[in-house]
Amino acid sequence: MWVYLNGEFLDSAEAKISPLDRGFTFGEGVYEVITSYDKNFFLFYEHLDRLKSSLEKTFIPYPKELSNLENILSDLHDKNGFSNQSFYIQITRGVQEFRSHQDNILKAPTVFITSQNLELNPYRINPEKKGLRARLEEDIRWARCDIKTTGLIGNVLSLHDQTKDEVDEILFHKNGIIHEGSKSNVFFVKENIVYTPSLKHNILPGVTRAYVIRLLKKNKITLFEDSIPLDFIYKSDEIWLTSSTKEIQPVESIGDYKIPKKNSDLLIWRRILESFDDS
Ligand code: PMP
């Protein structure tokens, strides 16, 4: 696999990052995931904007190669060769020779990019496919989940707990209010009205979430960005998750609770997924 590291394309086995990188010693890094379909980058500028915002919020300097990001991704696309790919762009504060909490002796930020085969959303081909299994979990993450940081231990911790059921996604909640998935945003439908947790609830401003909101408006479907209590799960006709690699995928069960089946022609998630334009 080819990767990009600080200005060079390398075989992944040749890519070396110093253990003195603050990404390793302090967990200080941000990232972005961009998908491409037949080499067309989907929502590229929206992702670039969020990456800029993550860098600004963490005071990591803007690496100069980001102005050439589209060309770098394009070259990596050709080198790795898959038709559809997901690109992971990771930027850390950089290498610090002498350990100190202060960062005044740093070189440039570290920029590391990988790409891998992107599996197409299976619900595009088969919308009748069994939905995802999710479970609920108290949101134990830090209070700045609006920043897309590489520090994902809070998101993945309970996946390592062997006593917990294996699921496709974890839904985080706090004080009785639903936040988001561990790797996705969440939407609910009740009586043909769509609800999603508002950004004030310490969640990632998902690029797909924003795109879906635009599509809902275009399709004249009412949407509320709101505080969504846990018991809303049991009143919903549809629950779906959104992310750059998932697009939209329906949830079938949350813990022991199964979402009642509805006539599939009426499902809003299917209409919105059909109107995705990533060609
Ligand atoms: N929330 C979290 C915690 C995520 O990790 C992701 C996926 N990166 C999302 C939401 C969805 O964001 P996006 O639509 O920008 O991929």
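The values are calculated or read from the model by the stated rules, or taken from the named source; none is laboratory data. No experiment lies behind these values; they were computed from the predicted model shown. Backbone-built Cβ (ideal geometry, glycine too); neighbour counts: all protein chains shown. All accessible areas refer to the heavy atoms of the entire protein, side chains included, with ligands and DNA or RNA removed. Shrake-Rupley method; radii C 1.70, N 1.55, O 1.52, S 1.80 Å.
Say we look at the stretch 247-279 and pick out the residues that are among the aliphatic types (A, V, I, L, M) and within 16 Å of the ligand (Cβ to nearest atom); which of these is farthest from Ser36 (Cα to Cα)? Looking at residues that are among the aliphatic types (A, V, I, L, M) and within 16 Å of the ligand (Cβ to nearest atom), I get Val251. The set of residues in the stretch 216-246 that are open to solvent by less than 10 Å² (accessible area, probe 1.4 Å) and within 16 Å of the ligand (Cβ to nearest atom) comprises Leu216, Ile228, Ile239, Trp240, Leu241, Thr242. Within 16 Å of the ligand (Cβ to nearest atom), part of a strand (DSSP E or B) and in contact (Cβ under 8 Å) with a residue 60 or more places away in the chain, is that true of Val33? For Val33, the condition - within 16 Å of the ligand (Cβ to nearest atom), part of a strand (DSSP E or B) and in contact (Cβ under 8 Å) with a residue 60 or more places away in the chain - is met. Entry remark, the stretch 72-87: residues being surrounded by fewer than 17 Cβ atoms within 10 Å (Cβ to Cβ) and closer than 20 Å to Ala108 by Cβ number 0 in total. Scanning the stretch 77-87 finds one or more residues that are at pLDDT 95 or above, outside any helix (DSSP H, G or I) and under 21 Å from Lys16 (Cα atoms). Evaluate the following for Gly151: is it over 18 Å from the mean Cα position of the chain (by Cα) and either of a type in the set (S, T, N, Q) or modelled with pLDDT of 95 or more (or both)? Criteria not met by Gly151. All of Gly154, Gly181, Gly176, Gly206 fail the test of being closer than 21 Å to Lys258 by Cβ and small (Gly, Ala, Ser), apart from Gly181. Within the option set Val186, Val194, Val212, being under 12 Å from the mean Cα position of the chain (by Cα) and more than 18 Å from Trp142 (Cβ to Cβ) holds for one residue only, Val186.
Residues that are within 16 Å of the ligand (Cβ to nearest atom) and touching a Pro at 6+ places or on another chain (Cβ under 9 Å) number at least 2 in the following strands (runs of 3 or more DSSP E) confined to the stretch 89-195: 177-181, 185-190. For Leu69, state whether it is without any contact (Cβ under 8 Å) to a residue 60 or more places away in the chain and either assigned to a strand (DSSP E or B) or surrounded by 13 or more Cβ atoms within 10 Å (Cβ to Cβ) (or both). It is true that Leu69 is without any contact (Cβ under 8 Å) to a residue 60 or more places away in the chain and either assigned to a strand (DSSP E or B) or surrounded by 13 or more Cβ atoms within 10 Å (Cβ to Cβ) (or both). Determine whether the stretch 203-214 contains at least one residue that is in a strand (DSSP E or B) and either in the same structural domain as Phe42 (by TED's automatic domain parsing) or out of contact with any Ser or Thr (no Cβ under 8 Å at 6 or more places or on another chain) (or both). No, the stretch 203-214 contains no residue that is in a strand (DSSP E or B) and either in the same structural domain as Phe42 (by TED's automatic domain parsing) or out of contact with any Ser or Thr (no Cβ under 8 Å at 6 or more places or on another chain) (or both).
If the condition is being in contact (Cβ under 8 Å) with a residue 12 or more places away in the chain and open to solvent by 30 Å² or more (accessible area, probe 1.4 Å), then the stretch 247-263 contributes Glu252, Gly255, Tyr257, Pro260, Lys262. Can we say Leu199 is within 14 Å of the ligand (Cβ to nearest atom) and either open to solvent by less than 20 Å² (accessible area, probe 1.4 Å) or not assigned by TED's automatic domain parsing to the domain that holds Ser86 (or both)? Considered against the rule, which asks whether it is within 14 Å of the ligand (Cβ to nearest atom) and either open to solvent by less than 20 Å² (accessible area, probe 1.4 Å) or not assigned by TED's automatic domain parsing to the domain that holds Ser86 (or both), Leu199 comes out as yes.
For the stretch 92-126, which residues satisfy the criterion of being farther than 19 Å from Lys52 by Cα, hydrophobic (A, V, I, L, M, F, W, C) and open to solvent by less than 70 Å² (accessible area, probe 1.4 Å)? Scanning the stretch 92-126 gives Val95, Leu106, Leu118.
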